[in-house]
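Data block below; observations after.
Bear in mind these aren't lab numbers, they're just calculated from the coordinates by the rules spelled out. Since this is a predicted model, take the numbers as computed values, not measurements. Neighbour counts run over all protein chains shown; Cβ positions are idealised from the backbone, glycine included.
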Amino acid sequence: MITGYISLLVLHILTCRRRHHSQRSMEEEDDAAMEDPLLDQHYAIEVQGGNFTWHLNKEEITLKDISVRIPTGKLTVIVGQVGSGKSSLLSAFLGEMIQVSGNMFKARNLNVAYVSQRPWLLNASLKDNILFGKPFVWRKYKKVISACALLPDIEQLPAADITEIGEKGVNLSGGQKQRVSIARALYSEGDTVLLDDPLSALDSHVGKHVMEEAILRRMVKRNRTVILVTHHVQYLTHAHQVIVMANGHVHFQGKVGEVKKFDPDLYDVWRKAIRDAKATEFSQKFDAGSLLNLERKHSGGSQVSHDTMPRPASTQSQLSVPGLPGGLQGGRKMSAMSVMTEASNEDAGEDSMLADADGEVKALPEEKGKLIKQEFRETGAVKVMVYLRYLQSCSISLCLLSLFLQVKCVPFSDCQFDCCPLQIVYHSLIVTSNIWLSLWASDSNIYERNMSLLASTYGNITLEVSSPVCQHCVFSHSSFDNTPYLMTYIYLSLGAVLATFVGCLVIYYMGFVGSKNLFVNMLVSVIHLPMRFFDTNPSGRILNRFSADIVAIDQRLGGHVENLLRCTLFTISAVLVNSVTTPYFLFAAVPFFILYYFLQRFFRATARELQRLDSVTKSPIFSHTMETLSGLPVIRAYGVQSDFKRRAFKAVDCNVTPFLFIHTANRWLGIRLLDAIRSACLVLLVFISCITYMLIVSACFVTCITYTLMVSGQLNWIVRISTEVEMSMNAVERVLEYADMEKEPSIVSPAGPVTVPESWPSTGRIEFRQVSLSYAPDEDLVLHHASFLIEGGEKIGICGRTGSGKTSATLALFRMLDIIEGTILIDELDITRVDLSTLRSRLAIIPQDPVLFTGSLRFNLDPNKRRSDERLWSALESVQLKEFVAALPDQLDSDVVEGGENFSVGQRQLLCMARAFLCDSNILIMDEATASIDTETDNHIQAIIHSPALQNKTIITIAHRLSSIINYDRVMVLEFGEVKEFASPRELLADVSSIFYSLVHSGSE
């Protein structure tokens, strides 16, 4: 117990130190920027000779000698190549970077709105993400969603704008997430708006609409200062000021026309890009209403945006809203973010609704938009199978050893003990040592009585010192020696200590093995779960199982088991001693044992459910913490830290409540059992002992009283610790829940597995035969009876409107969706017969959201260590990153932090592209892989795709920039999960009635 308190004390000290360290670098520190009243009318932000870095302890300066002025109420556009420092400059304006030197001034009372390059969304409804804590005003809200072209997307959601969009907006496509972020900035009251490349994930016609309606009309024309980072140079014509970044410093600052004198080559590149963009625009000028009409031209009311839609929001069929007022009227759904949002007086009480075909308004059931599943919580006693599974995870051999060492019983007598299992040895030694003390005291008393008797007998006789009687008396007095008793007691104590040490060591090691096996089993299971599981379960909930529950098993369960065995055996030994000493003790003990049993049942049921509540309420804390940490720049920019703190306090309060009740119940148990019952038991024992005092030795009577007090105390501990064991088994129960979840099947086909050669797929031929797909067996189809053939080496572009099934068709190649019917063949081989890990390892994909792992650049490029350095450098050169990596201090061994945050988003995409090129797969899928890179780099990548090196590779590209697939062999157009068109771009453009023609000539590139 003392060691436990010492551990808690050390943990408390470490926690206080870490908290003190974190508070020193919290956001409450004064911003390095100073308010300058002279900037109020002329400039919103001014930097003079500023040097900025991300890490103060490193000598590397990210932004060097920055001197810029951001005019108030104007549009400033920041351009530059990948990794030139554009996003870092915005971070410096926000105060996210460390200012090493120079000065930065901001206008007084500057309110900021920020749209990050990777959109950050809450696990809440779409509406709550737009409002972001602001009061709901219907007219303003309606204009915002119209300006951001969100109405067609909202119409497709099952519960309109109150649909849950999931963690990180998993229910939305990349373009939809960006437009929601822009809508949040537009709805806010920020007078300075920072936009970090938000148009990269949008179709050209949608991007043009957002640029004109949201940015220019509702921001710039209303005197809001706008700073836009973009790779679309055609928007430079709208800029009042242009900033060109290069290698972390400002290469140029001024008007667009001034760059011709400063850098003629750069001006020629811009002029050519702007001319090409204008040449692809449809001659008709669309306003907001005509754009929506055009979007419905070929879709019967559906939107024209062809952002990739990851997955449907619900099993419900798609809903269509005839008009804006009916589809999005008022109100909100209660969610995690709703605590931040309050409706204005004029709109209070309104609920989001759908309009039916007759124009009548009907309320939306909240269940339609529900995405996140409620966390499952067991009820009732922990099943016996959970205990058996835990023992199984501890390994059979260790369980048998522990069983032998802890449970097997060998009888012992009052003064003798034999070699027996450790816990029995321990308690035998403890009991024997106490009995030995009693015998020691008894022998001493007998000796004293004998000496008194001898003294009374010979007291009146004077003897010579040399007389035999006196000599005998002296000899008798000196013959009683305490040393044998003392040494025996020491040996018994040392034996008990040794037995305790070995027994605890075995049990704790068994617990360690069990915890490790449970962790590995759960990890393997979670890795092989379907993707839908991660969409419907927040990452904080999963992290709770891997942290809090594993900690409970690893640190508490083993100790509770050891304490329970020790207390139980000690109680048994104490009862035996009392029964032998005072047989009538059993008559008094039986009623108390029955009382203990019923109190234990009552307490155990209460504590068990409280522990389950404690475990479940930890998940929101993890989820909120992870969500907040990932969006700190956005939260700080909007100044809503207090709202997120309030949400954090609310989550902590919900978790602390069951924790408090658990300890309150423990105190109740201590008062009821430890004090009241112990006192009653002691009084009854004294009463029985007084009746039978002539039959009890005084020393044994003291031992009996001591053991009686110990029995009541140990019974109290047995009740508490047995309950603690079951409470800790709740963690095992939760871990086993994840470990036993249904995994993705390795082989689906009833025909059985097939062995594929190392060269498979050798040609890259792909064929769909009447394929129907769904994200779950009980959900609607996302691809209907698709049949097409892609020959090996073809370059295929896929386009279509949101939710048309583009991403679904490509994910089907990886068997991430359920194939309801039909067959998918790769090189004439049914993929359902191929081992899942083999199938996925033979295909290469470049995702829209780049994924990098903590480690080195070398590990991220070649995780399996199969490629030489020459190959790695060649791949980096192909994506134009060789010079950048070569300039790093450790080059290929340079560190990559979590998520690759020490690289720009464009650089991350290029690194993922280099990794895909190194896979040597004959099938490469590119899902908007060039969305966040500049036009020059994009053209270079397209040249690589059409180079002889990739001539024999099958490349499938999902594209928003239709100009990037205009030179492909064929283009597939999907609509509502059906293949509508599949022909060469030339053929489709020649047919004015084709969907592809309408997409290209509706403002797409």
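I'm a student and want to see the number: the projected area of the Cα convex hull of the stretch 790-873, averaged over all directions, in nm². Intermediate results must be reported in sequence, preceding the final value.
Numbers: hull surface 31.9 nm².
Answer in nm², one decimal: 8.0.
Give, as a single signed number, the net charge of other residues whose beta carbon lies under 9 Å from the beta carbon of Leu857, with Lys and Arg counted +1 and Asp and Glu -1.
That works out to -2.
Mind listing the long-range amide H neighbours of Asp203? Cut-off is under 5 Å, sequence gap 5 or more, other chains count too, H placed in the peptide plane at 1.01 Å from N.
His306
Sort Asp827, Asp203 by Cβ crowding within 10 Å, fewest neighbours at the top. Could the numbers behind the result be given before it?
Values: Asp827 20, Asp203 27.
In order of increasing Cβ crowding within 10 Å: Asp827, Asp203.
Kindly rank 635-645, 879-889 from highest to lowest mean number of other beta carbons found within 10 Å of each residue.
Values: 635-645: 17.3, 879-889: 15.4.
Output ranking for 635-645, 879-889: 635-645, 879-889.
With no solvent and one equal point scatterer per Cα, compute the Debye intensity ratio I(q)/I(0) for the stretch 110-185 at 0.16, 0.20, 0.22 Å⁻¹ and report its log10, rounded to two decimals.
-0.51, -0.82, -1.01
Quick one: Cα centre-to-centre distance for the stretch 115-157 and the stretch 57-104, in angstrom?
About 29 Å separates the Cα centre of the stretch 115-157 from the one of the stretch 57-104.
So if each residue of separation counts as 0.36 nm, and I subtract the Cα-Cα distance between Thr237 and Ser101, what length gain in nm does that give?
Numbers: separation 136, 0.36 × 136 = 48.96 nm, distance 3.37 nm.
Net length gain for the segment: 45.6 nm.
Size of the dipole of the stretch 766-1000 about the Cα centre, Lys and Arg at +1 and Asp and Glu at -1 on the beta carbon, nothing else charged, in debye to 20? Please report the intermediate quantities before stating the final value.
Details: 21 positive and 35 negative charges, 71 e Å.
I would put it at about 340 debye.
Return the subset of Lys143/Lys650; Lys618/Lys650; Lys127/Lys618 for which the Cα-Cα distance in this structure is over 22 Å, preserving the input order. Intermediate values should be presented prior to the final figure.
Values: Lys143/Lys650 33 Å; Lys618/Lys650 12 Å; Lys127/Lys618 26 Å.
Pairs exceeding the cut-off: Lys143/Lys650; Lys127/Lys618.
Any of Lys134/Lys177; Lys86/Lys255; Lys208/Lys882; Lys142/Lys177 with alpha carbons more than 27 Å apart? Name them for me.
Details: Lys134/Lys177 19 Å; Lys86/Lys255 18 Å; Lys208/Lys882 34 Å; Lys142/Lys177 18 Å.
Check vs 27 Å cut-off fails for Lys208/Lys882.
Expressed in nm to one decimal, what extension gain is obtained for the pair Glu791 and Leu505 from 0.36 nm per residue of sequence separation less their Cα-Cα distance?
Stretched out fully, the Glu791 to Leu505 stretch lengthens by 96.5 nm.
For a quick check: with amide H placed at 1.01 Å from N, whose amide H comes under 5 Å from Ile78's, ignoring anything fewer than 5 positions away on the same chain?
Correct list: Leu228, Val229, Thr230, Ile243.
Compactness ratio of the stretch 848-979: Cα Rg over 2.2 N^0.38 Å, N = residue count? List each step's numbers first, then the result.
Working: Rg = 15.3 Å, N = 132, 2.2 N^0.38 = 14.1 Å.
Against the empirical 2.2 N^0.38 Å value, I get 1.09 for the stretch 848-979.
List, largest first, the extents of the alpha carbons of the stretch 766-1000 along their principal axes, each in whole Å.
Result, largest extent first: 54, 40, 30 Å.
Each residue of the stretch 756-770 in order: what ³J(HN,Hα) in whole Hz does its phi give by Karplus 6.51 cos²θ - 1.76 cosθ + 1.60, θ = phi - 60°, with x for Gly and Pro?
Running phi through 6.51 cos²θ - 1.76 cosθ + 1.60 with θ = phi - 60° gives 9, x, 5, 7, 6, x, 7, 9, x, 7, 10, 9, 9, 10, 6 Hz.
Karplus couplings for the stretch 738-743 from phi (6.51 cos²θ - 1.76 cosθ + 1.60, θ = phi - 60°), rounded to Hz, Gly and Pro as x?
Each residue of the stretch 738-743 in turn: 6, 5, 9, 5, 5, 8 Hz.
Under 15 Å from the Cβ of Ala990, count the other residues' Cβ atoms, weight Lys and Arg +1, Asp and Glu -1, and hand me the total. Display every interim value, and only then the final one.
Numbers: positive: Arg970, Arg986; negative: Glu981, Glu987, Asp991.
Overall, the nearby charge balance is -1.
For Asn902, what residues show an amide H to amide H distance below 5 Å, using hydrogens built from the backbone and excluding near sequence neighbours?
So Asn902 has HN proximity to Val897.
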